[in-house]
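Have a look at the structure below before the remarks.
Derivation of every value follows stated rules applied to the coordinates shown; laboratory data play no part. Since the structure is predicted, the reported quantities are computational estimates derived from the model, not experimental observations. Glycine also receives a Cβ, built like all others from the backbone with ideal geometry; neighbour counts cover every protein chain displayed.
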Amino acid sequence: MIKFNELQTGDFVMVEYEGKMWEGEVTNLNHDEKQVEVTTEVQPFWYAPESLHAVPLNDQQLMNFNFTKQVNEDGSIKYMKEAFRLVIPSKDDFSTIEMWYREDRRHHPDVHFMHQLQNHYYSMTKVHLTKS
């Protein structure tokens, strides 16, 4: 389950419907009823927060969002998208990350899921992090 207040329009999440999981994009938020509209490959639909699941932050997801990857000599890995940078200490170790965009540097932010990264990315760049 994802807390309602963590979500923003444009965030990618997993939704559970009739026992199946679908990845989709948050397209609308109803703050009065705490409902989230998510558009999947099937259709847009409104969900309660308990039907939403976070997409883990990992190498494959960053590649899906068109990041490029650079393996450094010390084993750390830098992911880049335009002027935005994210560094992890070693392959598949997303437990501690550093990210920066121009002069805005964030050391060890609480980012473990794609929607959290998307929200940091937006607050730093003022541009939504999308798959296109």
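Quick notes on this structure:
- Between segment 84-132 and segment 1-36, the Cα center-to-center distance that results, in Å: 20 Å
- Segment 4-53, relative contact order in percent, only Cα pairs under 8 angstrom and at least six apart counted: 32 percent
- Full extension of the segment from F45 to K126, taken as 0.36 nm per residue of separation minus the current Cα-Cα distance, would add 26.5 nm.
- Neighbour cut-off at most 12 other Cβ (10 Å), DSSP loop, GluC sites (Glu not before Pro), segment 35-97: E41, E73, E82
- Dipole size of the chain about its Cα centre, with +1 on Lys/Arg Cβ and -1 on Asp/Glu Cβ: approximately 460 debye, rounded to the nearest 20.
- Sequence-separation-based contact order of segment 59-125, relative, with Cα cut under 8 Å and 6+ spacing, percent: 19 percent
- When exposed loop sites are taken as trypsin sites (Lys or Arg not before Pro) in a DSSP loop with at most 15 other Cβ atoms within 10 Å, the longest stretch of the chain clear of them is 35-90.
- Reach of K69 by Cα under 13 Å, taken over aspartates and glutamates that are not fewer than 8 positions away in the same chain: D59, E82, D92
- Remark: segment 59-125 carries a charge dipole of roughly 180 debye about the Cα centre, counting +1 on each Lys and Arg Cβ and -1 on each Asp and Glu Cβ.
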